[in-house]
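The values are calculated or read from the model by the stated rules, or taken from the named source; none is laboratory data. Since we're looking at a predicted model, the values are computed, not measured. Note that we place each Cβ from the backbone using ideal geometry, even for glycine, and neighbour counts take in every protein chain shown.
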Amino acid sequence: MKTIQGVLWDNDGVLVNTEQLFYESNRDLLLPYGIDLTPKQFFDWFLDNNYGAWHVLLGQGHAIELVDRLRAERSERFAQRLRQARQLAMPGIGHVLAALRPHVAMGVVTSAYAQHFRISHASTGLLNHFDFVLTREMYGESKPAPDGYQLGLQRLGLAAAHCVAVEDSPRGLRAANAAGLECIIVRNPMNRHHAFDEAFCVVDSNAELGEVLASFVPGMAPVGGQLEAFL
């Protein structure tokens, strides 16, 4: 049976429930320019193809200076939404991390910038479970490039064969696979329509995620029943 010694975690949509807030920040910003961003477009453009909606503005003939200004405004709107949110930690994820922590090394590999990452975790209590965090400023190309996960493996000091990644987006899955990692996908409202055929497995809840991880980590107590009661 495969055993794992390290886990690399995505952040948005996996550890914290922030993707809807990011979608709303982009939607509200683009609407005055005739772009009524739908959740499906957001998923395809931002979470799958990684080019945002800026290509639409540029295709309409808007200047790159406008795009740069809107990016900065989007960043501030997103930060404001994060500050206003009451509880961002995904339900039950703390139980999974606590059960894993004594047995494996763990890090976060996120496309979030440090400012947004810090705000999103201001009250989650999750960060003490991790050995390190890699935000977007800390590695080369963004997901789906493997740069972040390759650096994460270096920080773990482990081979990809002894680790797994936990993700929720197609571009995150491609990044993990390109780094040689098997990847577990966690379902959420934003990604339920996508097949994720290249994933090691797809789970529908953190209770199921805990069960899958426990099957690969010697000594880790199953947390599924505990989480079902919690959720």
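Of everything in the range 92-113 that's closer than 17 Å to Val203 by Cβ and of a type in the set (A, V, I, L, M), which residue is farthest from the chain's Cα centre (by Cα)?
Ala99
Cβ-Cβ under 6 Å, sequence separation 6+ or interchain: first residue in the range 108-120 and at positive phi and part of a helix (DSSP H, G or I), partner aromatic (Phe, Trp, Tyr) and buried (at least 20 other Cβ atoms within 10 Å of the Cβ). Which pairs?
Close Cβ pairs (under 6 Å, with a partner that is aromatic (Phe, Trp, Tyr) and buried (at least 20 other Cβ atoms within 10 Å of the Cβ)) do not exist here.
Please find, among Gly34, Gly52, the residue that is at positive phi and out of contact with any Lys or Arg (no Cβ under 9 Å at 6 or more places or on another chain).
After applying the criteria, what remains is Gly34.
Quick one: Ala207 ticks every box in (1) among the small types (Gly, Ala, Ser); (2) under 21 Å from Cys163 (Cβ atoms); (3) surrounded by 17 or more Cβ atoms within 10 Å (Cβ to Cβ) except a single one, so which number is it?
The single condition Ala207 does not satisfy is (2).
Just give me the residues in the range 116-135 being out of contact with any strand residue (DSSP E or B) (no Cβ under 9 Å at 6 or more places or on another chain) and buried (at least 16 other Cβ atoms within 10 Å of the Cβ), in sequence order.
Ile119, the sole residue that qualifies.
How do the pairs read when you match residues in the range 7-22 that are modelled with pLDDT of 95 or more with residues anywhere that are of a type in the set (Phe, Trp, Tyr), using Cβ under 8 Å and keeping only pairs 6 or more apart or on different chains?
Leu8/Tyr149; Trp9/Phe130; Asn11/Phe117; Asp12/Phe22; Leu15/Trp9; Leu21/Phe78; Phe22/Phe46; Phe22/Phe78
Please go through the range 53-80 and pick out each residue that is surrounded by 17 or more Cβ atoms within 10 Å (Cβ to Cβ) and either aliphatic (A, V, I, L, M) or not assigned by TED's automatic domain parsing to the domain that holds Ser25 (or both).
Across the range 53-80, the qualifying residues are Ala53, Val56, Leu57, Leu70, Ala79.
Can you pull out the residues in the range 159-181 that are surrounded by fewer than 18 Cβ atoms within 10 Å (Cβ to Cβ) and either farther than 19 Å from Asn49 by Cβ or free of Cβ contacts under 8 Å to residues at least 24 places away in the same chain (or both)?
Ala159, Ala161, His162, Gly180, listed by residue number.
Need a quick list: strands (runs of 3 or more DSSP E) entirely within the range 130-196 having at least 1 residues that are within 15 Å of the chain's Cα centre (by Cα) and farther than 23 Å from Ser120 by Cα.
Because the criterion is at least 1 residues that are within 15 Å of the chain's Cα centre (by Cα) and farther than 23 Å from Ser120 by Cα, the strands (runs of 3 or more DSSP E) in the range 130-196 that meet it are 163-167, 182-186.
Could you tell me whether Asp44 is among the acidic types (Asp, Glu), closer than 22 Å to Asn191 by Cβ, crowded, with 20+ Cβ neighbours inside 10 Å and out of contact with any strand residue (DSSP E or B) (no Cβ under 7 Å at 6 or more places or on another chain)?
no
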